[in-house]
Every structure is written in C-alpha cells, then in structure tokens.
1. Could you give me D for the chain, from Stokes-Einstein at 25 °C and 0.890 mPa s, where the hydrodynamic radius is the Kirkwood radius over C-alpha pairs? Units µm² s⁻¹, please.
2. What are the ³J(HN,Hα) couplings of the range 23-40, residue after residue, when phi is run through the Karplus curve with 6.51, -1.76, 1.60 and θ = phi - 60°? Round to Hz, x for glycine and proline.
3. Let's see if you can work this out: charge +1 on each Lys and Arg Cβ, -1 on each Asp and Glu Cβ, no other charges. What is the dipole magnitude of the chain about its Cα centre, in debye to the nearest 20?
4. For the range 111-179, take the convex hull of the Cα atoms, compute a quarter of its surface area, and give me that in nm², please.
5. Please return the longest range in the chain lying between exposed loop sites, taking chymotrypsin sites (Phe, Trp or Tyr not before Pro), DSSP loop only, at most 11 other beta-carbon atoms within 10 Å, and leaving the sites out.
6. Keeping every protein chain present and rolling a 1.4 Å probe, give me the accessible area per residue for the range 156-199 in Å².
7. On the protein heavy atoms, probe 1.4 angstrom, tell me the percent of accessible surface of the chain carried by carbon and sulfur.
8. Any idea what log10 I(q)/I(0) is at q = 0.18, 0.20, 0.21 Å⁻¹ for the range 110-250, Debye with uniform C-alpha scatterers and no solvent?
Amino acid sequence: MSLRAQWKLPKEHGAWAMVSVSLALGMLVARQVSGRLILLIISVMALFIARESLVAWWRARQRGRSVPEAERLARFYLAVALVTGAPLVLWHHLLGLVPLGLLAGVLLLLNLRQAESLEDRTVLGEILAITGLTLAAPAAYYVARGRWESTALWLWVLSALYFTSSVFYVKLRVLSAGRRREEAQRSVWRQCLFYHSFLLAALVLLAVTGRVNLFVLCAFVPILARTLWALLRPVRWLNLTRIGILEIVYSLIFLVFLTLGFSPPAQ
C-alpha cells in the first residue's frame with residue numbers, strides 16, 4: 001500500500017495547490033513571519049488532509065458500515081487541527097479565527113453531504129470546496145498581522161475567483177476531447193464563456209475604480225488567455241497531467257503577481 005493510500009492523503013493535485021498557494025499568499029502579502037503562522041499552517045493542512053478520511057467515514061456510516069481505519073485517521077487529523085489551532089485563539093487571542101473556522105466547518109459539512117450523494121464533483125460542489133480552501137489566504141494574513149484588514153477579504157475574493165476558473169476550464173477540456181455528448185459540450189462551453197466574461201468584466205471594473213492595480217490584472221492574464229484559446233479552438237486530445245502541471249505553473253504566477261499587487265502594509 002502506498003504512503004498516500006495508507007494515510008489517506010488527498011489525491012487532487014489542484015486542491016493541494018489551492019490551499020498551499022492561499023496560505024503562501026496570505027503570508028507573503030502580510031510580509032510578516034511568526035511562530036503563530038506555523039501553528040496555523042499545521043492546523044489548516046491537518047483539516048485539509050482530514051477531508052479524505054472524513055468522506056470515507058461519512059459514506060460508510062450512512063450505509064451502516066464500519067471503516068475503523070478511516071475513522072481513526074479522521075479523528076487523528078481533526079485532533080491535530082484542534083490542538084494546533086486552539087492556542088491561536090486561547091493564547092494569542094486571535095478571536096477573528098472563530099468565524100473563519102465556523103465557516104470552514106459549515107463548508108466542509110456541505111462538502112461531505114455532497115460527497116455522500118456523489119455531487120461533490122458538480123460545478124456547485126467544486127466552487128463550494130474552493131471557497132473553503134481559499135479561506136486559508138485571509139486566515140494566514142490575519143494571523144500574521146494580528147488584526148483584520150480589508151486586504152484579507154480581497155485575498156479571499158481574488159483567490160476564489162482565480163481558482164474557480166479551473167473548474168470551468170477543466171470541464172471544458174474534458175468534454176471537448178469527447179466525440180459525443182455534443183449537448184453537454186455546448187452547455188459547458190457556454191458556462192465557461194459566461195464565467196470568464198464575468199471575471200474579465202469584474203477585473204476591468206475593479207481596475208477602473210482603482211480597487212486593483214496592473215500587477216493584480218497580470219495575475220489573471222494566463223488563465224484568461226488559456227481559456228480564450230480553448231473556447232475559440234477546442235482541442236480534441238486530452239493530457240490531464242500536462243493540464244495539471246500548467247495549472248500549477250499558472251497558480252505560481254498568480255501568487256507572484258498578486259503579492260506584488262499589494263503594497264507592504266504599514267507596520
């Protein structure tokens with residue numbers, strides 16, 4: 001049995017990138033490093049990893065079966081998340097993490113219920129998951145700064161908008177590679193076009209009103225360009241490994257330019 005299977009580590013490379021980039025984004029924009037961030041990183045990653053075991057445990061319980069290994073790992077990961085996260089609230093008095101934790105818990109519960117009915121791979125299910133994963137960005141920023149600032153909200157919104165793009169793009173590429181299901185292809189093509197038109201319009205509006213600068217716009221250029229190309233020239237071949245690697249590269253570009261887009265906060 002592989003290490004991933006033994007410890008029930010998440011299989012989705014994209015999900016790993018989302019939570020890791022979000023954590024890094026919050027830390028880099030805050031321009032501060034402290035021991036509190038180490039506790040937060042451990043807590044967030046433990047909660048993220050716990051999801052795989054929780055899904056297996058949840059599904060088994062709903063079917064009246066027992067999966068002691070998944071239950072043991074789920075309890076272990078949740079305990080790690082609690083033990084490392086609690087000091088941030090109780091010792092460091094970062095009470096702003098409480099509503100974030102509650103929101104993350106609600107989104108995780110919704111995701112588990114969707115996974116039970118195999119709806120976690122729908123567009124709505126994946127968007128809800130992204131909304132939860134990108135909470136790591138405002139959490140890291142808040143823990144680093146020690147207080148809430150509007151920048152934390154912007155990091156969450158921009159990260160969620162960015163990573164949601166991949167939901168529509170990957171579905172477009174997968175369906176475009178098929179020779180059948182033409183109606184499904186047309187539907188996802190329209191959805192992809194609508195979302196990225198909305199994304200582009202929102203970015204332009206934010207730029208015109210001075211809410212974001214050129215660096216922030218540049219952070220979204222790669223995904224807008226790759227989506228436009230896929231919409232205009234659908235490709236019939238599919239290499240998911242190559243797509244996954246490119247998405248990670250785009251995420252790193254997003255991380256760099258969004259970090260540059262936010263000036264160092266005043267000390």
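1. 124 µm²/s
2. 4, 4, 4, x, 5, 5, 5, 5, 6, 9, 10, 8, x, 4, 5, 5, 4, 5
3. Working: 28 positive and 12 negative charges, 125 e Å.
So the magnitude is around 600 debye.
4. Details: hull surface 22.4 nm².
The Cα convex hull of the range 111-179, projected and averaged over all directions, gives 5.6 nm².
5. On the way: sites that count: Trp91, Trp237.
Free of exposed loop sites, the longest segment is 92-236.
6. Accessible area per residue: 51 Å².
7. The value for the chain is 69 percent carbon and sulfur by accessible area.
8. The calculated log intensity ratios at q = 0.18, 0.20, 0.21 Å⁻¹ are -1.16, -1.32, -1.39.
The values are calculated or read from the model by the stated rules, or taken from the named source; none is laboratory data. The structure displayed is predicted, hence computed values, not measured ones. Note: ideal-geometry Cβ built from the backbone for every residue, glycine included; neighbour counts use all protein chains shown. What goes into the accessible areas is simple: the full protein's heavy atoms, side chains included, and nothing from ligands, DNA or RNA. Shrake-Rupley method; radii C 1.70, N 1.55, O 1.52, S 1.80 Å.
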